[in-house]
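Undergrad: Got a structure for you, questions after.
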C-alpha cells in the first residue's frame, strides 16, 4: 500500500553491524509495496567501527536527507549511536534501541562516560519519544560471536510494530539482499524479532 505522506526512518549504528544492509532491505520491501523511496547513508569509516547513519524516506519527498527534528522512527543498533540520533527526532516519534554496547577504544582508555539505559530512557521521555530498549539476551546466539545479526532482529521488531509493509515482502527483500548462506539464520532471527513485538505492545 502506497504511503501518501513522508515517513522518515533513521538507522544508527557502527561499522560491522549491517546498517546499510538493513537500509537496503527496508527500501526494497517499500519499493515492492509500491512506495516512493529515497535513501542516504553516511559514515565512510564504518568498517573501522565508526558511526554509520542511514536515512530512509518513504512517500513523497524532495531530498533523501531527513531534516533535523523530523525523524519519525529510529532503529538504533547500538546505544551510544541512539543517543547521537535523538536530536534528529520529532516529538511523538518512535525509537527501537538495541542495548548492545560497543565502547570506543579511546573511551575505554580515557575512562569516558558511556550512556546507561536509564539515561537514554530519561532523554527520550523528556522529548516525548516512545522508546523501546531491546535486550541483548533476545539474540539466540552466543554473545561471544562477533557478527551477530542485530540488524535482522531489529528489522523484525521494526516491521512488526509499525506494520508499514506485509511480512512476506520483508522476508522476500531479506532473501534478495543477503548471500544465500546467511539467509536461514537471518530469517530465524527476523522471526524472533517479529514475535517479540507482542511484548512491546503490552496488554491490548
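Here, each number is a calculation from the coordinates, and none is a lab measurement. This structure is a prediction, so every number in the text was calculated from the model and none was measured. Here the Cβ positions follow ideal geometry from the backbone for every residue, glycine too, while neighbour counts run over all protein chains shown.
Undergrad: Once you have the Cα-Cα distance between residue 70 and residue 34, take 0.36 nm times their residue separation minus that, and quote the gain in nm to one decimal.
TA: 10.7 nm
Undergrad: What distance in nm lies between label points placed 7 Å from Cα along the C-beta direction at residue 198 and residue 113?
TA: Result for the modelled spin labels: 4.0 nm.
Undergrad: Roughly what % antiparallel, to the nearest 5, for the DSSP beta bridges in region 7-201?
TA: 50
Undergrad: If the chain between residue 191 and residue 42 were fully stretched, how many nm would it gain, using 0.36 nm times the residue separation less the Cα-Cα distance? Working shown, then result.
TA: Values: separation 149, 0.36 × 149 = 53.64 nm, distance 2.85 nm.
Computed gain between residue 191 and residue 42 is 50.8 nm.
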